[in-house]
Amino acid sequence: MPINIDNTYRINRNLDQDEQMRYLVKDLKIFKEYAQILTISALIGYANRAYVPFSNRAETVQITFFEEREKEVMNFLAYLKEGNQSILQERAKDDPDKDKMYQAFEFYANGGFPILCKKLGVDFVDKRKNDRYTILHNYYKMLVSDNLIDI
């Protein structure tokens, strides 16, 4: 089990991206759930140095929806962002710095999501142009390519 994952925490998402994420998950069914899209977006955000804070929060995602390997990505990104392993240490429940560990994941996901959408070739303006199979093909090509996350 990953170090210091608080299973009561809820991962924040940017309200400005809520409709697009919902479209990819619920309408096009490119991603199974929000946890999956947030994780790939966070990795892309980190690889592209796209650490983008946000304040308008959409509905949060329960951390229990994330698989163990996705929780390990959260730990890894927190460590890389802070450059100090202490970010992963046990903290008191009422410690406001607790959020700092998850914040790296949230802000990298926020920065990486637009890059992911560009790589997938999703048109949010004219959704009639979107072909699910083409987008899935682009996603597959991205996953198996040598440059998985660089744009």
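Quick notes
- Verdict on Glu59 being at pLDDT 90 or above and more than 30 Å from Lys141 (Cα to Cα): yes
- Answer residue from the stretch 50-70, given it is touching a helix residue (DSSP H, G or I) at 6+ places or on another chain (Cβ under 8 Å) and part of a strand (DSSP E or B) and is farthest from Gln17 (Cα to Cα) among those: Val61
- Selection within the stretch 7-42 - of a type outside the set (Asp, Glu), closer than 21 Å to Met142 by Cα, out of contact with any Lys or Arg (no Cβ under 9 Å at 6 or more places or on another chain) and not in a helix (DSSP H, G or I): Phe31, Lys32
- Taking residues in the stretch 67-85 that are free of Cβ contacts under 8 Å to residues at least 60 places away in the same chain, and partners anywhere that are polar (S, T, N, Q) and in a helix (DSSP H, G or I), the pairs with Cβ atoms closer than 6 Å and at least 6 places apart or on different chains are Glu70/Thr39; Val73/Thr39.
- Residues of the stretch 62-113 that turn out to be modelled with pLDDT of 90 or more and among the polar types (S, T, N, Q), as a count: 4
The values are calculated or read from the model by the stated rules, or taken from the named source; none is laboratory data. All of these numbers come straight from a predicted model, not from anything done at the bench. Don't worry about glycine lacking a Cβ; one is built from the backbone with ideal geometry, like all the others, and counts go over all protein chains shown.
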